[in-house]
Amino acid sequence: MTDSAKRPHKLMDQVSDRLRLGHYSLRTERTYLAWIKRFILFHDKRHPKDMGKPEIEAYLTHLAVDRHVAASTQNQALNAILYLYRQVLEIDLPWMDDVVRAKRPERIPEVLSPQEVGRLLAQLEGTYKLMASLLYGSGLRLMEVIRLRVKDVDFDYQQIVVRDGKGAKDRVTPLPASVTAELKAQLDYVACLHRDDLKAGYGAVYLPNALATKYANAEHELAGQYVFPSSRLSTDPRSGATRRHHVNEKGLQQSVKRAVRRAGINKKASCHTLRHSFATHLLERGSDIRTVQELLGHKNVQTTMLYTHVLKRGGHGVVSPLDA
């Protein structure tokens, strides 16, 4: 094997090590590695040190023109490539700031009416109905409900603590009283499952940021277990440890899509649509936009302002002259 063939593999190991040092998730690690490999292969396996701005822009153009990827996908590829140069190769040249990012189209978020939300939830049952209810009732993102842990559910204060959300931020959001009984039953199931795992010699759960090392028995405690655990044990691809992880998000996504069809909702609705609906309905009921911003975990209030465009007041809050 030639030196040029070996170099990308060694480089990928360096990228993985750097991402893990920065406590990036496994999902992000796999995504960044995939984009960097595609970038290198697109340029005939040339080493990134031998390339620069023209090669990056050529690859981004290929994604947009030949692959027809969305602006967000193109920017994700750019983020991975710039991470490679800045964090792994430790190259930070002025031209990096000049690479043009694709402009994401400004679209009004898809929102369901309260009646449509009710019809959608009525088409779900069991665990998926509970999870979807939290997406809407607490304004959680898909992976926030998937990664929810026992210790983050507070029945006394009727709230959910979202830890390490988007932007590595924690926040607090309301726990709907209407799902209290179902959620307590789910936690009882988790406790039974965890006891069985401990008896079988397992019972560990993945903990981020080396918490398992800092607190010796934390990974075996019930508090750290996922509220929605997988039905089977799995091997951690990084450590090789056998643990019980959370459920796969695809199951919930597919169930919500089927529920949308069965409910006769003619909108392009998904799990994230329930979060959009949470924000819009709070604003419709008079909640302060800053409060909604905190509940959603938005860094900028301008992001939250998007929901004011879909309130039930007509375009830009005016009444149609036909109705007048």
Quiz item: Taking GluC sites (Glu not before Pro) that fall in a DSSP loop and have at most 10 other Cβ atoms within 10 Å as cut points, what is the longest piece of the chain between them?
Solution: 107-324
Practice problem: With springs connecting C-alpha atoms under 10 Å apart, model the chain as a Gaussian network and identify which of Asp197, Asp44, Asp154 has the largest mean-square fluctuation. | Solution: Asp44
Practice problem: Go ahead and estimate [θ] at 222 nm for the chain from helices alone: -39,500 (n - 2.57) per DSSP H run with n ≥ 4, summed, over the residue count, rounded to 500. | Solution: -14500 deg cm²/dmol
Practice problem: Could you state how much accessible area Ser270 has, in square angstrom rounded to the nearest 10, with a 1.4 Å probe and all protein chains kept in place? | Solution: 40 Å²
Quiz item: So which of Lys129/Lys268; Lys45/Lys166; Lys169/Lys268; Lys53/Lys103 end up more than 23 Å apart by C-alpha?
Solution: Lys45/Lys166; Lys169/Lys268
Self-check item: Correct choice for P(r) over Cα pairs in 10 Å bins from 0, in percent that was computed from the model, options (i) 5, 24, 32, 21, 9, 5, 3, 1, 0; (ii) 5, 20, 27, 25, 17, 5, 1, 0; (iii) 6, 28, 38, 23, 4, 0
Solution: (ii)
Quiz item: Say we join alpha carbon atoms closer than 10 Å with springs in a Gaussian network model of the chain; which of Leu120, Leu89, Leu282 then has the biggest fluctuation?
Solution: Leu89
Quiz item: Between Tyr202 and Glu125, what is the FRET efficiency for a Förster distance of 45 Å, r being their Cβ-Cβ separation, to the nearest 0.05?
Solution: 0.95
Exercise. Specify the residue with the greatest mean-square fluctuation among Ile289, Ile40, Ile160, computed from a Gaussian network of the chain linking alpha-carbon atoms under 10 Å apart.
Key: Ile40
Practice problem: Kindly report the accessible area of segment 92-191 per residue (heavy atoms of protein chains, probe 1.4 Å, no ligands, DNA or RNA), in Å². | Solution: 55 Å²
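Suppose a student asked you for the relative contact order of the chain, using Cα pairs under 8 Å spaced at least 6 residues apart; what percent would you report?
This gives 17 percent for the chain.
The values are calculated or read from the model by the stated rules, or taken from the named source; none is laboratory data. As the structure is a prediction and not an experimental result, all values here were calculated from the model. Every residue, glycine among them, receives a Cβ derived from its backbone with ideal geometry; neighbour counts consider all protein chains shown. Ligands, DNA and RNA are stripped out before the accessible areas are found, and what is left, the full protein with its side chains, is counted by its heavy atoms. Shrake-Rupley method; radii C 1.70, N 1.55, O 1.52, S 1.80 Å.
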